[in-house]
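A quick write-up on the structure given underneath.
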Amino acid sequence: MKINYKIIFHLMGLLLICNGGFMLVATLVSFLYEDGITFQLFLAGLVTIIAGALFMLTTKDHKKEIKKREGYIVVTFGWIFMSLSGTFPYLFTKVIPKFTNAFFETMSGYTTTGATILEKIEGLPEGILFWRSMTHWIGGMGIIVLAIAILPLLGIGGMQLFAAEAPGPSADKLHPRITDTAKRLWLIYVGYTVAETILLQVAGMSFFDAINHALCTLSTGGFSTKDASIAYWNDNPMIQYIIILFMFLAGTNFILSYFAFKGKVQKVFRDEEFRVYAIFVVIFTLIATFIVYTQANVEPSDYHPMVWGELESDFRHSLFSVIAVITTTGFVTADFTGWTTFLTIFFFGLMFLGGSAGSTSGGVKVVRHLLMIKNGLLEFKRTLHPRAIIPVRYNNKSVSEHIVYNILGFFILYMLLFIIGALVLGFVGLDFESAIGGAASSLGNVGPALGDLNPLENYNSIPSVGKWWCTFLMLLGRLELFTVLILMTPFFWRNR
């Protein structure tokens, strides 16, 4: 069966119109703060909306049917189209005049990676700072999930898009209709964002800083309005604890949040992935705190005005760093690569963990690690009892072999892409630490890395080829490999 290209371009137009609408919101912020770039932002939004309208008008007679192949194409190219149009605010305002840098910053935003090429963030216009945060927020829950909530207006079913956008092993649904699921997820997402904004403002942030950091926390992004990221508020522990709480929630399956709000709290604590996720956070924080408190030799500085001799401070910065890396948020209160060699390797390993399936975090995800470990341990039993049927169990249910094979295949591909990614970055001139750190961070959508890409630095020093490669890794990681890689197979494009 032939691919329905008309509906693909029609949906691209819809996404562009949505993106242009968000640019107009940034235009309003620019106007209110009188930052001098209001017209340029308005022009960027207008051009994007007109382009989207033209796409939709020229394909209005499309067949209203979308199947799995069209779903994969829409998701992958939807991210690319959104990222391409998302460069307009940077290019039109000349805040980032080079297209390569603008595309890197935009893709980092939509994929919620949080890696930046900008060096002087605090001097940027408010409209641009808000747009950076907005790209995180749009990408956090998925621009395609947003489109699913709108698709009924077009008479199109969105199940195929949801499957491509969230290809993880979890198949829980909040409601039989996928559009209602999308709306409920967005309601929780918006509610958390509003709640964090209010709490941060009460704790001492300005309203502008509070809303920007709320947008970036719930999306597990990592862009900040300050050059020092959250280290800017190292003298205000309450702000950091609030962000820690919402990073943890953002790294949790949003479906569990829905159950909790419905009063079904027992379903949250019965969830195996949530329990392992919480245990990981506790154990890794205790390890990091112990090492920092007993071994780390970190001097206070103007950049990090902290007292490292106090246990609470060590605990807070360890907890913050652990959750920021596990959930792939990428905010920083300290340079964890400057603590000890052990902790540098330790946090590098955490870049491969990821939060929960159904969350906004990147990485491999806790449930995949859990099922791989369970399957590995069961191999000992299968060796002793070769004729026995011993299934992997998750939440007291048997997991099909298909899902187990899918997870094993995913992990093998993930590690292979990490190795290839590091080799390419090494080939373009990065040193060993920077290459492996940049590859792991880009593929896992983490943000801060190792070497020259440590939490106190940015990605501007990477050659242009390296930046394009990192954007490709970001896209792969955000869409969990298969959605993008399947488009590179010849059989996908054959008419059947």
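Evaluating residue 430 against the criteria (1) modelled with pLDDT under 85; (2) over 20 Å from residue 481 (Cβ atoms) leaves one unmet condition, (1).
Per-residue answers, yes or no, for (1) more than 24 Å from the chain's Cα centre (by Cα); (2) at pLDDT below 95; (3) open to solvent by less than 40 Å² (accessible area, probe 1.4 Å):
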site	(1), (2), (3)
43	yes, no, no
46	yes, no, no
57	yes, yes, no
62	yes, yes, yes
66	yes, yes, yes
70	no, yes, yes
74	no, yes, yes
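Once segment 359-391 is narrowed to residues that are crowded, with 20+ Cβ neighbours inside 10 Å and β-branched (Val, Ile, Thr), the residue that is nearest to residue 137 (Cα to Cα) is 360.
Please indicate, with yes or no, whether at least one residue in segment 1-18 is within 21 Å of the chain's Cα centre (by Cα) and surrounded by 22 or more Cβ atoms within 10 Å (Cβ to Cβ). So far as segment 1-18 goes, yes, one or more of its residues are within 21 Å of the chain's Cα centre (by Cα) and surrounded by 22 or more Cβ atoms within 10 Å (Cβ to Cβ).
Please work out if residue 492 is of a type in the set (Phe, Trp, Tyr), in a helix (DSSP H, G or I) and either at pLDDT 95 or above or open to solvent by 20 Å² or more (accessible area, probe 1.4 Å) (or both).
Numbers: of a type in the set (Phe, Trp, Tyr): yes; in a helix (DSSP H, G or I): yes; either at pLDDT 95 or above or open to solvent by 20 Å² or more (accessible area, probe 1.4 Å) (or both): no.
Here the answer is no, as residue 492 does not meet what is asked.
All conditions in (1) assigned to a helix (DSSP H, G or I); (2) modelled with pLDDT under 90; (3) surrounded by fewer than 17 Cβ atoms within 10 Å (Cβ to Cβ) hold for residue 258, with the sole exception of (3).
Is at least one residue of segment 419-426 assigned to a loop (DSSP other than H, G, I, E, B), of a type in the set (Gly, Ala, Ser), under 21 Å from the mean Cα position of the chain (by Cα) and buried (at least 19 other Cβ atoms within 10 Å of the Cβ)?
no
In the set (1) over 15 Å from the mean Cα position of the chain (by Cα); (2) at pLDDT below 90; (3) surrounded by 24 or more Cβ atoms within 10 Å (Cβ to Cβ), the condition left unmet by residue 321 is number (2).
Among the residues examined, residue 164 qualifies as at pLDDT below 60 and in a helix (DSSP H, G or I). Restricting attention to segment 198-212, the residues that are touching a Phe, Trp or Tyr at 6+ places or on another chain (Cβ under 8 Å), part of a helix (DSSP H, G or I) and open to solvent by less than 20 Å² (accessible area, probe 1.4 Å) add up to 1. Selection of segment 448-472 for residues being open to solvent by less than 30 Å² (accessible area, probe 1.4 Å) and under 13 Å from residue 337 (Cβ atoms) yields 448, 449, 450, 451, 453, 454, 455.
In segment 358-383, the residues that are without any contact (Cβ under 8 Å) to a residue 40 or more places away in the chain form Cβ pairs under 6 Å with partners that are surrounded by fewer than 16 Cβ atoms within 10 Å (Cβ to Cβ) and not in a helix (DSSP H, G or I), at six or more places apart or across chains, as follows: 378/390; 381/390; 382/390. Kindly indicate whether any position in segment 208-227 is modelled with pLDDT under 80, under 18 Å from the mean Cα position of the chain (by Cα) and under 24 Å from residue 260 (Cβ atoms). So far as segment 208-227 goes, no, none of its residues is modelled with pLDDT under 80, under 18 Å from the mean Cα position of the chain (by Cα) and under 24 Å from residue 260 (Cβ atoms).
Yes/no matrix, rows are residues, columns are (1) outside any helix (DSSP H, G or I); (2) of a type in the set (A, V, I, L, M, F, W, C); (3) under 30 Å from residue 182 (Cβ atoms):
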position: 318; (1), (2), (3): no, no, no
position: 323; (1), (2), (3): no, yes, yes
position: 374; (1), (2), (3): no, no, no
position: 378; (1), (2), (3): no, yes, no
position: 381; (1), (2), (3): no, no, no
position: 404; (1), (2), (3): no, yes, yes
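So is residue 30 in contact with a Ser or Thr (Cβ under 6 Å, 6 or more places away or on another chain) and more than 28 Å from residue 477 (Cβ to Cβ) or not? So residue 30 passes the test.
In segment 427-482, which residues are part of a loop (DSSP other than H, G, I, E, B), of a type in the set (A, V, I, L, M) and over 22 Å from residue 318 (Cα atoms)?
Hits for segment 427-482 are 428, 430, 462, 479, 481.
Applying a threshold of 6 Å to beta carbon distances and a minimum spacing of six or more residues, or different chains, the list of pairs starting in segment 460-477 at a residue that is within 13 Å of residue 441 (Cβ to Cβ) and ending at one that is open to solvent by less than 50 Å² (accessible area, probe 1.4 Å) and outside any helix (DSSP H, G or I) reads 466/428; 474/111; 474/113; 477/362; 477/444; 477/445.
Take the residues in segment 337-346 that are touching a residue at least 40 places away in the same chain (Cβ under 8 Å), of a type in the set (A, V, I, L, M, F, W, C) and assigned to a helix (DSSP H, G or I); name whichever of them is farthest from residue 279 (Cα to Cα). Give the steps one after another, and end with the answer.
From segment 337-346, those touching a residue at least 40 places away in the same chain (Cβ under 8 Å) are 337-340, 342-344, 346; that's our starting set.
Subset that is of a type in the set (A, V, I, L, M, F, W, C): 339, 342-343, 346.
Subsequent filtering for residues that are assigned to a helix (DSSP H, G or I) retains 342-343, 346.
Values: 342: 21, 343: 19, 346: 16 Å.
If we take residues in segment 337-346 being touching a residue at least 40 places away in the same chain (Cβ under 8 Å), of a type in the set (A, V, I, L, M, F, W, C) and assigned to a helix (DSSP H, G or I), then 342 is farthest from residue 279 (Cα to Cα).
The values are calculated or read from the model by the stated rules, or taken from the named source; none is laboratory data. A quick note: this is a predicted structure, and the numbers were derived from the prediction, not measured. Note that each Cβ is placed from the backbone with ideal geometry, even for glycine, and that neighbours are counted across all protein chains shown. Ligands, DNA and RNA are excluded from the accessible area calculation, which covers all protein heavy atoms including side chains. Shrake-Rupley method; radii C 1.70, N 1.55, O 1.52, S 1.80 Å.
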